[in-house]
1. Which residue, of Val55, Val39, Val33, is surrounded by fewer than 16 Cβ atoms within 10 Å (Cβ to Cβ) and among the β-branched types (Val, Ile, Thr)?
2. Just one of Tyr122, Tyr85 is over 14 Å from Asn141 (Cα atoms) and surrounded by fewer than 17 Cβ atoms within 10 Å (Cβ to Cβ); which is it?
3. Consider Leu128 against the criteria (1) among the aliphatic types (A, V, I, L, M); (2) modelled with pLDDT of 95 or more; (3) touching a Gly at 6+ places or on another chain (Cβ under 9 Å): it satisfies all of them except one. Which criterion is unmet?
4. Restricting the stretch 11-25 to residues that are of a type in the set (A, V, I, L, M) and within 16 Å of Glu112 (Cα to Cα), which is surrounded by the most Cβ atoms within 10 Å (Cβ to Cβ)?
5. How many residues does the stretch 1-60 contain that are at pLDDT below 95 and either closer than 15 Å to Arg104 by Cα or in contact with a Lys or Arg (Cβ under 6 Å, 6 or more places away or on another chain) (or both)?
6. Kindly indicate whether any position in the stretch 65-83 is over 23 Å from Ile105 (Cα atoms), over 15 Å from the mean Cα position of the chain (by Cα), modelled with pLDDT of 95 or more and assigned to a loop (DSSP other than H, G, I, E, B).
7. Are there any pairs, at least 6 apart or on different chains, whose C-beta atoms fall under 7 Å, with the first in the stretch 64-79 and without any contact (Cβ under 8 Å) to a residue 40 or more places away in the chain and the second of a type outside the set (Phe, Trp, Tyr) and assigned to a loop (DSSP other than H, G, I, E, B), and if so, which?
8. Any chance the stretch 54-76 includes a residue that's of a type in the set (Asp, Glu) and either under 14 Å from Leu140 (Cβ atoms) or in contact with an Asp or Glu (Cβ under 9 Å, 6 or more places away or on another chain) (or both)?
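The values are calculated or read from the model by the stated rules, or taken from the named source; none is laboratory data. This is a predicted model, so every value here is computed, not measured. Neighbour counts are summed over all protein chains in view; Cβ atoms, including those assigned to glycine, are modelled from backbone coordinates with ideal geometry.
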Amino acid sequence: MPVADLVLRLAKPFLIEKPAWELSLDQHKEALVRSVEPVEQRIQKARSSQAEEIVRHIIGIERWGQRRLQVALGKPLVMDEHHEYKPPAGLDKAHLLYEFRKTRIQTIELAERLKGTIEPTYVPHNALGPLSTRGWLYYLNLHAQWESRRLR
């Protein structure tokens with residue numbers, strides 16, 4: 001296992017799971033809603049040649065995470081990567097913003113559906129190992145915020 005993955009796995013209880021369990025599912029939904037505007041502003045301001053790929057990555061990870069969260073709702077686990085969940089290359093900024101908004105709305109709706117599940121339910125993340133459903137919601141929100149800060 002690469003050292004970076006080992007460090008992430010060791011830090012996961014403190015950086016993801018602990019703060020995730022301090023929030024109710026309704027608070028996770030609120031946090032997901034609140035983070036839309038700052039992420040969208042960074043997307044709108046982005047001018048670098050890497051911006052499209054960063055936004056596609058953000059969207060792909062969130063869609064991939066949604067698929068993992070659906071395991072808690074009864075779908076079978078598929079151990080895949082996020083790449084197949086990215087929107088197609090070559091989309092302009094308006095379309096990427098639309099795809100991000102649509103994806104985030106789906107995550108918020110999924111958080112609502114998770115309220116009917118037994119907690120904690122753990123679903124594996126490829127690098128971090130098992131994450132609770134709340135951990136996944138926290139991770140997806142955090143990921144979009146962190147990655148969008150790379151946009152220039």
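1. Exactly one residue qualifies, and that residue is Val33.
2. Result: Tyr122 is the single residue among Tyr122, Tyr85 that is over 14 Å from Asn141 (Cα atoms) and surrounded by fewer than 17 Cβ atoms within 10 Å (Cβ to Cβ).
3. Tallying (1) among the aliphatic types (A, V, I, L, M); (2) modelled with pLDDT of 95 or more; (3) touching a Gly at 6+ places or on another chain (Cβ under 9 Å), Leu128 fails exactly one: (2).
4. Looking at residues that are of a type in the set (A, V, I, L, M) and within 16 Å of Glu112 (Cα to Cα), I get Ala20.
5. Looking only at that region, the number is 1.
6. Yes.
7. The qualifying pairs are Trp64/His82; Arg67/Val78.
8. Among the residues of the stretch 54-76, at least one is of a type in the set (Asp, Glu) and either under 14 Å from Leu140 (Cβ atoms) or in contact with an Asp or Glu (Cβ under 9 Å, 6 or more places away or on another chain) (or both), which makes the answer yes.
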